[in-house]
């Protein structure tokens, strides 16, 4: 039996398994449009999510001041009908639509954005994307909590909540001025830690002492426990002029600020919904109130999310899909067969071995197009764990990784080996690269670190989220490192949500990650690795790196700014807290009758723009709107 015959027989058997999965998983009426969303989403809370599967849902049910265009992902008016920008580029005035409404018919107002920006920045929300709002004046200081306060600052003291109050409700706020900051407890126990800070605050002419602690905490009699002490939010550059006008003041001119406002973390959430139900209960289909093109109707864990058109959406006349199903299927072969058997209209990632066969089709398939993508696949290294705390070890692992073999054997869609974190296509930016594959030098570096021929090197573990492709890449990396360095390597996989938690807690040695650029600028990749960055997850800290990222945010000259970012990436590629592996290409398979689907660098495809054209013969050539990459 030939290899190709065996391949298609395997696909046939897997196809029958896909049919069985679909029949078992769904007793709902058919949707107008169905797509495979790769995995079970961790959440639909826009302040808490970071993954692409979650983003596809969040962009569908929430909408910010701006929204991404379907063809090129650039910002266009969303809830804000239009805006004005000051001559110095620091002040934005947003004018909200009169017909922008929540799914329960409440109007969307400037107060919704004030509430949502404050929630995103609240340290207790613990958003991993809160730093995307740091461009707003004083937003970073507010987000830093007590450590962002200095004597003389206006502050807000949030009192503790009574038992039984939902965790999304804010305690009563006391406003005053910070007189001084003392420490509490043993002076030798991290006195500068925010948990040991005691704030002396002047309120109505009287000095009072506050400390973040539980109501029943053992504190001196003159110290009042509170939930937290923050910079007064009225110092943050967000202000509601009236219900329909919102002013945002930035620390510095930010050329991509509108693109950030189209990014889902900066979407508004409904205050009444959160405060009534608490988190995460407010995101359940029976509770959630949203303002996007769709509403969340059904969520079946490990099966599907069903979206229905939001008839209160301001642009509902241009939303042509009534019901959309997003399938949660981790297995790529099952996903592919759901697509091939007509149970899915859009497949985001076909299996690698299938893709290779499809790309050989003659004539070319009319439902498949690969396109450059602003995404890098890389490994995080936990630099706090020996022996990965030694830069020579990290460099040796990078130089012993044969990226050419990985892209030739384990990917298959024309991906390019990556030697930098920042991908190509960044205007005016020169990528800073790490050394190429050089196993001889890698062995010398490992020997210099005290592990000649790998002797004495502890077992290295590669962690990844469950997926056949990630497993194939990890298997290749294991073989290469064992072969070239003489070290022992094991693999550990987890489902998507658990893998994200593992990375956040840094409970790994080496972990797989990919990053999609949130906007067309190298900063979207580089600002993650500042000290204690929410998405750093490596333990990497470098004062010069931090300074360059901070200075670049304030630099008005475009050339000088890019030079600063290049110098920052140079540090990253020298210190190697990450190992770049390859640059993505998008690999979507889309039925020919689907309209409004465009390739773009961020591989983002708003469901609100898609529709089904019943007149299209599936065998006709695909129109240019899909085949051409729109940049």
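Please work out if residue 258 is touching a helix residue (DSSP H, G or I) at 6+ places or on another chain (Cβ under 6 Å), in contact (Cβ under 8 Å) with a residue 60 or more places away in the chain and not in a loop (DSSP other than H, G, I, E, B). In short, no. Considering (1) under 28 Å from residue 495 (Cα atoms); (2) in contact (Cβ under 8 Å) with a residue 60 or more places away in the chain; (3) out of contact with any strand residue (DSSP E or B) (no Cβ under 6 Å at 6 or more places or on another chain), the lone condition that residue 287 does not fulfil carries the number (2).
For the stretch 31-65, a tally of residues being farther than 16 Å from residue 607 by Cα and touching a strand residue (DSSP E or B) at 6+ places or on another chain (Cβ under 8 Å) returns 3.
Residue-by-condition table, conditions (1) under 30 Å from residue 182 (Cα atoms); (2) outside the structural domain of residue 171 (by TED's automatic domain parsing); (3) crowded, with 20+ Cβ neighbours inside 10 Å:
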residue	(1), (2), (3)
223	yes, no, no
231	yes, no, yes
244	no, yes, no
248	no, yes, yes
253	no, yes, no
265	no, yes, yes
274	no, yes, yes
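Where strands (runs of 3 or more DSSP E) fall entirely within the stretch 66-153, those with at least 3 residues that are over 23 Å from the mean Cα position of the chain (by Cα) are at 80-85, 91-96. Give all pairs with beta carbons closer than 6 Å in which a residue from the stretch 308-323 that is more than 14 Å from residue 60 (Cβ to Cβ) meets a residue that is at pLDDT 95 or above; count only pairs at least 6 apart in sequence or on separate chains. So the pair list comes out as 312/101; 312/103; 312/105; 314/97; 314/99; 314/100. When the helices (runs of 4 or more DSSP H) confined to the stretch 433-518 are screened for residues that are over 19 Å from residue 405 (Cβ atoms), those reaching at least 3 such residues are found at 439-448, 496-504. Can we say residue 54 is closer than 30 Å to residue 610 by Cα, at pLDDT 95 or above, outside the structural domain of residue 377 (by TED's automatic domain parsing) and in a helix (DSSP H, G or I)? For residue 54, the condition - closer than 30 Å to residue 610 by Cα, at pLDDT 95 or above, outside the structural domain of residue 377 (by TED's automatic domain parsing) and in a helix (DSSP H, G or I) - is met. Condition check for residue 156 on (1) in contact with a helix residue (DSSP H, G or I) (Cβ under 7 Å, 6 or more places away or on another chain); (2) in a loop (DSSP other than H, G, I, E, B); (3) modelled with pLDDT of 95 or more: one failure, at (2).
Kindly indicate whether any position in the stretch 333-345 is more than 30 Å from residue 523 (Cβ to Cβ), surrounded by fewer than 17 Cβ atoms within 10 Å (Cβ to Cβ) and not assigned by TED's automatic domain parsing to the domain that holds residue 506. Yes; the residues of the stretch 333-345 include at least one that is more than 30 Å from residue 523 (Cβ to Cβ), surrounded by fewer than 17 Cβ atoms within 10 Å (Cβ to Cβ) and not assigned by TED's automatic domain parsing to the domain that holds residue 506.
The values are calculated or read from the model by the stated rules, or taken from the named source; none is laboratory data. Being a predicted model, the structure only gives us computed values, none of them experimental. No Cβ is skipped: glycine too gets one built from the backbone with ideal geometry, and neighbour counts run over all protein chains shown.
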